[in-house]
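Taking it in order: structure first as structure tokens, then the write-up.
The values are calculated or read from the model by the stated rules, or taken from the named source; none is laboratory data. As the structure is a prediction and not an experimental result, all values here were calculated from the model. Cβ atoms come from the backbone with ideal geometry, glycine included; neighbour counts cover every protein chain shown. Side chains included, ligands, DNA and RNA excluded: accessible areas come from the protein's heavy atoms. Shrake-Rupley method; radii C 1.70, N 1.55, O 1.52, S 1.80 Å.
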Amino acid sequence: MREKIMPPLVLTLICVIISGLLVLANAATKDKIAQAQQDKLNTSLEALFGEGEYTPLEDLHYDGVTQVIRSAKNEVIFEITVDGYSTDGLQLLIGIDPEGKLAGISFVSIGETPGLGTKVQDDSFLRQFMGISSSDFTMTPVTGATYSSNGMKHAVTIAMDTYTANKEAILNHG
């Protein structure tokens, strides 16, 4: 009888100990991870519009938009995560100036194929989006990185459509 009870009991004990260690590891690192993510977001915001005061509009929620942020100068920044070649491979900040034109794109993270899909970060590719004021635009994809390029176009379309449909609510918020 003891021979039948011991293996499951030992396995249960091992699982309990490992689960406890995972809980401790999570508790020890969650604040550091959250701070690192916030630092990365702040760095991306500064790369987009420079140093300044940025206010997350936490109670505004739109399809496809992770977060809406407004600058003190009424620039609107949309945090958007879309699929490229990789699922959720493009996490971007897309900035729109007070005139409603796309003013900048900054990458919070990119999980695309190095040397190929990551070329969507190149200024030569990003320049084609600057100054557009609607989601009705054409894009020349990066050769060999069609999925990543289409993911970028999708993110820009989400940002422009969301801004156009909700401009007053965003600018008059708070």
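Take the conditions (1) open to solvent by 90 Å² or more (accessible area, probe 1.4 Å); (2) within 30 Å of PRO114 (Cα to Cα); (3) without any contact (Cβ under 8 Å) to a residue 60 or more places away in the chain; LEU48 misses just one of them, which is (1). Going by the structure shown, is GLN91 free of Cβ contacts under 8 Å to residues at least 12 places away in the same chain, of a type outside the set (Val, Ile, Thr) and surrounded by 11 or more Cβ atoms within 10 Å (Cβ to Cβ)? So GLN91 does not fit the description; no.
Condition check ((1) in contact with an Asp or Glu (Cβ under 9 Å, 6 or more places away or on another chain); (2) closer than 21 Å to GLY64 by Cα; (3) surrounded by 19 or more Cβ atoms within 10 Å (Cβ to Cβ)) across all residues:
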{"residue": "ASP97", "(1), (2), (3)": "yes, yes, no"}
{"residue": "GLY100", "(1), (2), (3)": "no, yes, no"}
{"residue": "GLU112", "(1), (2), (3)": "no, yes, yes"}
{"residue": "ASP122", "(1), (2), (3)": "no, no, no"}
{"residue": "GLY144", "(1), (2), (3)": "no, no, no"}
{"residue": "GLY151", "(1), (2), (3)": "yes, yes, yes"}
{"residue": "ALA159", "(1), (2), (3)": "no, yes, yes"}
{"residue": "GLU168", "(1), (2), (3)": "no, yes, no"}
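In summary, SER134 fulfils each of the numbered conditions (1) polar (S, T, N, Q); (2) in a loop (DSSP other than H, G, I, E, B); (3) in contact (Cβ under 8 Å) with a residue 24 or more places away in the chain; (4) open to solvent by 60 Å² or more (accessible area, probe 1.4 Å) with the single exception of condition (4). Considering the conditions (1) over 14 Å from the mean Cα position of the chain (by Cα); (2) over 20 Å from GLN38 (Cβ atoms); (3) in a loop (DSSP other than H, G, I, E, B), THR157 is excluded by exactly one of them, (3).
Exactly one residue out of MET139, MET130 is in contact with a strand residue (DSSP E or B) (Cβ under 8 Å, 6 or more places away or on another chain) and under 19 Å from THR164 (Cβ atoms), and it is MET130. Taken as a whole, the structure places ILE170 among residues that are part of a helix (DSSP H, G or I), closer than 17 Å to LEU45 by Cβ and at pLDDT below 95. Of all residue pairs spaced 6 or more apart or on separate chains, none has beta-carbon atoms under 6 Å together with a first member in the range 12-39 that is touching a residue at least 40 places away in the same chain (Cβ under 8 Å) and a second member that is of a type in the set (Lys, Arg). Can you tell me which of LEU13, LEU22, LEU57 is among the hydrophobic types (A, V, I, L, M, F, W, C) and in contact with a strand residue (DSSP E or B) (Cβ under 6 Å, 6 or more places away or on another chain)? Exactly one of LEU13, LEU22, LEU57 is among the hydrophobic types (A, V, I, L, M, F, W, C) and in contact with a strand residue (DSSP E or B) (Cβ under 6 Å, 6 or more places away or on another chain), namely LEU57.
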